[in-house]
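Notes follow the structure.
The values are calculated or read from the model by the stated rules, or taken from the named source; none is laboratory data. Predicted, not measured: the structure shown is a model, and the values here were computed from it. Cβ coordinates were reconstructed from backbone atoms using ideal geometry, including for glycine residues, and neighbour counts include every protein chain displayed.
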Amino acid sequence: MIPKLHDGLKIKGVVTIRAYKAGTKELISESVHENLVMQGNNTGLDLIIQRLIGVNTYSLNITQGAIGTGSTAVALSDTALTAEVTRAAPTLQQDYGTQQAILQFFFPDSTLPNNTYNEFGTFVDGTQLFNHVVFGTPYVKVAGQDTTVQVTFTLTQ
């Protein structure tokens, strides 16, 4: 029998959504939301475990971020956003220190429709949901706004 060891390793995700005046770096608004890393089969934490044991079906590379209008509460077993609108590839991927990974996704004014957005998630290999958040306060995108979504994953004990 293999004894269970618990070191308290945790992964936490924080999503920061920022609106800028289109074509500039002039910040209009910012909101920060904690999110859940998925725990279902072939999502989130399970993808990490698969890689540790040599199951390489999925790369574990986050290749897309998706924004949507769904407002259904997030469940650890989610495999998709409730009402996805559009996706973007990461524009920034940073290994920050030894405990954080930071990704940014840019949605220019011309590609993100004016709407009220309630959710965001990232996808491994474009297909496997890694994390999902429903915003505490909806993000209202209007004409003339570029949108950046930053996701910070922190590993702690």
Inset, instruction - State whether the residues of the stretch 41-57 include one that is in contact (Cβ under 8 Å) with a residue 24 or more places away in the chain, part of a loop (DSSP other than H, G, I, E, B), surrounded by 13 or more Cβ atoms within 10 Å (Cβ to Cβ) and under 14 Å from the mean Cα position of the chain (by Cα). - result: yes
Inset, instruction - Could you look through the stretch 97-109, keep only residues that are touching a residue at least 12 places away in the same chain (Cβ under 8 Å) and over 13 Å from the mean Cα position of the chain (by Cα), and pick out the one that is surrounded by the fewest Cβ atoms within 10 Å (Cβ to Cβ)? - result: 99
Inset, instruction - Find the residue count for the stretch 71-96, including only residues that are free of Cβ contacts under 8 Å to residues at least 40 places away in the same chain, of a type in the set (A, V, I, L, M) and more than 18 Å from residue 150 (Cβ to Cβ). - result: 3
Inset, instruction - Residue by residue through the stretch 88-143, note down the ones that are under 17 Å from residue 23 (Cα atoms), part of a loop (DSSP other than H, G, I, E, B) and among the polar types (S, T, N, Q). - result: 110, 111, 114
Inset, instruction - Spot the failing condition for residue 37; the list is (1) surrounded by fewer than 17 Cβ atoms within 10 Å (Cβ to Cβ); (2) touching a helix residue (DSSP H, G or I) at 6+ places or on another chain (Cβ under 7 Å); (3) of a type outside the set (D, E, K, R), and only one is missed. - result: (1)
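Does the stretch 33-49 include one or more residues that are β-branched (Val, Ile, Thr) and modelled with pLDDT of 95 or more?
Taking every residue of the stretch 33-49 in turn, none turns out to be β-branched (Val, Ile, Thr) and modelled with pLDDT of 95 or more.
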Inset, instruction - Consider residue 15 carefully, then state whether it is within 20 Å of residue 119 (Cβ to Cβ), crowded, with 17+ Cβ neighbours inside 10 Å and in contact with a Leu (Cβ under 9 Å, 6 or more places away or on another chain). - result: no
Inset, instruction - Among the residues of the stretch 105-157, write down those that are on the phi < 0 side of the Ramachandran plot and among the charged types (D, E, K, R). - result: 109, 119, 141, 146
Legend entry - Number of the exception - residue 29 against (1) surrounded by fewer than 17 Cβ atoms within 10 Å (Cβ to Cβ); (2) modelled with pLDDT of 95 or more; (3) closer than 19 Å to residue 126 by Cβ: (3)
